[in-house]
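The values are calculated or read from the model by the stated rules, or taken from the named source; none is laboratory data. Bear in mind the structure is a predicted one, so any value in this text is a computation, not a measurement. When we count neighbours, we look across all protein chains shown, and the Cβ atoms used for this are built from the backbone with ideal geometry, even at glycine.
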Amino acid sequence: MVALQEGDRASLRPVFDALAGPVHRFARSLLPGPAAEDAAQMALVRIFERTHEYDRDRGRVLAWALTVTAWQCRTVARRAQREQARAAGAPDDEAVACEQPGPLVALLDRERRDKALAAIDGLSAADRDALRRTLEDGALTGAERKRKQRALRRLRGALGLLLWKGV
């Protein structure tokens, strides 16, 4: 991926070969039938359009690619939900603002919330307290700001491990 970012076109095929299978499998685990294939193809296009956005210091390429895929699946699911609402005769403004999220969106939101809470629970009491004080007080001393930065770094790391464990 780094070579591709640097303009090496020969690296396009190996990166595609490495990502295409996992992206398609992940999309099929989130969406049914042809919608999964559409989402996977759109995700691969988006991944290669945005190779410049990949930050090798923030994690593995696969984690980044599957994040793009998850968002694309969510987009496809919401689009299908709007189309179903329109087909059922709902006015356009109601179809666009679907009141109830679909099962995929609800599942992703519930999983994301549960993983975030687990990551927060995994922080030390001092880190949780530093984050709480940040939300309550607003004005922090230099030491408190540094504690907050360290706590947020650990929280991001914990969330990354929880979100991509086993991938």
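Just one of the numbered conditions (1) closer than 22 Å to VAL76 by Cβ; (2) surrounded by 11 or more Cβ atoms within 10 Å (Cβ to Cβ) is not true of GLU49: (2). Of note, LEU104 satisfies the criterion of being under 30 Å from VAL45 (Cβ atoms), assigned to a helix (DSSP H, G or I) and modelled with pLDDT under 70. Checking each residue in the range 32-80 for being over 18 Å from ARG156 (Cβ atoms) and basic (Lys, Arg) picks out ARG46, ARG50, ARG74, ARG78, ARG79.
Cβ-Cβ contacts under 7 Å between residues 6 or more apart (or on different chains), taken from a first residue in the range 39-68 that is outside any helix (DSSP H, G or I) to a second residue that is hydrophobic (A, V, I, L, M, F, W, C), are listed as TYR54/MET1; TYR54/VAL61; TYR54/TRP64; ARG56/VAL2.
Quick one: which of ARG128, ARG156, ARG133, ARG113 is at pLDDT 70 or above, touching an Asp or Glu at 6+ places or on another chain (Cβ under 8 Å) and not assigned by TED's automatic domain parsing to the domain that holds LEU30? Outline the logic, then answer.
Values: ARG128 fails: touching an Asp or Glu at 6+ places or on another chain (Cβ under 8 Å); ARG156 fails: touching an Asp or Glu at 6+ places or on another chain (Cβ under 8 Å); ARG113 fails: touching an Asp or Glu at 6+ places or on another chain (Cβ under 8 Å).
That would be ARG133, the only listed residue that is at pLDDT 70 or above, touching an Asp or Glu at 6+ places or on another chain (Cβ under 8 Å) and not assigned by TED's automatic domain parsing to the domain that holds LEU30.
Number of residues in the range 9-40 that are over 17 Å from the mean Cα position of the chain (by Cα) and either surrounded by 12 or more Cβ atoms within 10 Å (Cβ to Cβ) or not assigned by TED's automatic domain parsing to the domain that holds VAL76 (or both): the value is 10.
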